[in-house]
1. Say the cut-off is 29 Å between C-alpha atoms; which of LYS45/LYS265; LYS33/LYS296; LYS111/LYS413; LYS98/LYS152; LYS208/LYS299; LYS21/LYS45 go over it?
2. Non-local amide H neighbours of GLU101 (under 5 Å, H modeled in plane, Pro and chain starts lacking H): which ones?
3. Contact order normalised by length for the stretch 216-288, with contacts defined as Cα pairs under 8 Å and 6 or more residues apart; what percent is it?
4. Relative contact order (percent) for the chain, with alpha-carbon contacts under 8 angstrom and 6 or more residues of separation?
5. Nearest 5 percent is fine: what portion of the DSSP beta bridges confined to the chain is antiparallel?
6. Of GLY261, ALA150, ASN302, which is farthest on the positive side of the dipole of the chain, counting Cα position, with +1 on Lys and Arg Cβ, -1 on Asp and Glu Cβ, and the Cα centre as origin?
7. At a Förster distance of 41 Å, what's the computed FRET efficiency of LYS424 paired with ASP292, Cβ-Cβ distance as r, to 0.05?
8. Residue-wise, which Karplus ³J(HN,Hα) couplings in Hz belong to the stretch 210-227, taking 6.51 cos²θ - 1.76 cosθ + 1.60, θ = phi - 60°, and x for glycine or proline?
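Rule-based calculations on the coordinates, nothing more; no lab input. On a predicted model such as this, the values are computed, not experimentally measured, just so you know. Every residue, glycine as well, gets a Cβ built from its backbone with ideal geometry; the counts of neighbours run over all protein chains shown.
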Amino acid sequence: MEYISTRNNLDHFSFKSVFLKGLADDGGLFVPKSFKSYSKEELNKLSNLSYNDLATEIIFPFIGDFMKKEELFSIISKSYSNFRSENVVKISNLGDLKVLELFHGPTLAFKDIAMQLIGNFYQYHLENEQKKINIIVATSGDTGAAAIDALKGKSNLNVFVLHPHNRISPVQRRLMTIQEESNVFNLAIEGNFDDCQNLVKAMFNDEKFSSDINMSGVNSINWARIIAQSVYYFFAYFKIGNGQPLSFSVPTGNFGDIYAGYLAKKLGLPIDKLIVATNKNDILHRAISGGDYTQKEVKETNTPSMDIQIASNFERLLYDIKQCNSDLTKDIMSKIKNNTYKIDSPDLNEIKKNFTSEMLDENETIEMINFIYKEHQLVVDPHTAVGIGAAKKLGLEKNCVVLSTAHPCKFPKAIEDAISKTEKLPDSFKYVYDKEEKFEVISNDIYKVKNYIMNSI
């Protein structure tokens, strides 16, 4: 399969190049030039597969000659061998709603599902390479921990994680900063997640710097993460759908997880609506409901993984809406950069064919956690509560699956505010509070960040 950039559809790339580069040199995101969707008959053949077998079938067409199919299956099996759920994910009933629990991996967040796979992809690639790769990641909380766990101790690579200083939960931070492996570096940036993300993009776009350090990235913009995340949409549908289209409500920050659902729909999966669930940093809700894509100041909330105003993966959707016209996409991204973009009516109507949206503020989130606990004796993390609340506000509970993105123990204050008690860490994670943290506080300055990285490799 060949890939192109959303800002230049003339140059073609292999999956290997797309995976290692993460971001295109022109600043665009990689997308497949074309792909085939599944027929009903083909979907039926996939419906009874185990998670690992299903993942192999879904992912393999996208990776070309990167590896053989049997090698892919072996890597997938290895990647998910330490998950606490037999089928990688778990489905819970919540009245009319279903909850797809994605947090049974080694860092208690959905990011593990893609990141463990990516870590082993790197290891596979580097077995025969002499040059070390330096992976740079921005995180709003969960991505960093998942990346570190997947990449720590692996030979021929370093991982640098940028997180917003004092803007993530203590558990989220500690899962990153207690790691002792010499190839792990934590940078606490004095700013918000968008600042961290902009620093990473700036480093990617600096061709000399990125080439000199052999830079790679595993943020949600990496296409390998998108295809890995699309698998659980298929798995949930085969377990729940009964031949009827399902809607999915997705707590959304960077638009990567919900874009994976959109990819699943384009691949032929019977999906009705994809619900973009946001907190009061509601740029995506404003965009999808009324076309307003004005960036505002990022506000701190009890759902920190959604404290984002720049949803990078939204570019992939805009490229699709513009009928794969890279020039038009480039123009839109320029307007977004200058904060002058508004989605016009024809494009908005196209988006609404697949997406709807809703927002919950902090009080509503706390109330929803409390409601779910009282009604169903289930404790959910605040991001999941936003996903549930959005589906309820829209009246789409029937035939709807909410993606549960993190274990509630990662957000003790929100849980205590809601139900007057905290959700304890699983016993196997008690070590998180016993180890010394290691991180560097750095100002939001590209030159200081670059110097730190150059002096560390």
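1. LYS33/LYS296; LYS98/LYS152; LYS208/LYS299; LYS21/LYS45
2. The list, which skips near neighbours in sequence, is LYS90, ILE91, SER92, SER404.
3. On the way: 73 pairs, mean separation 23.8, N = 73.
33 percent.
4. 19
5. The answer is about 25 percent antiparallel.
6. GLY261
7. Approximately 0.50, to the nearest 0.05.
8. Going residue by residue, I get 4, 6, 4, 9, 6, 7, 9, x, 10, 5, 4, 6, 5, 4, 4, 5, 4, 5 Hz, with x marking Gly and Pro.
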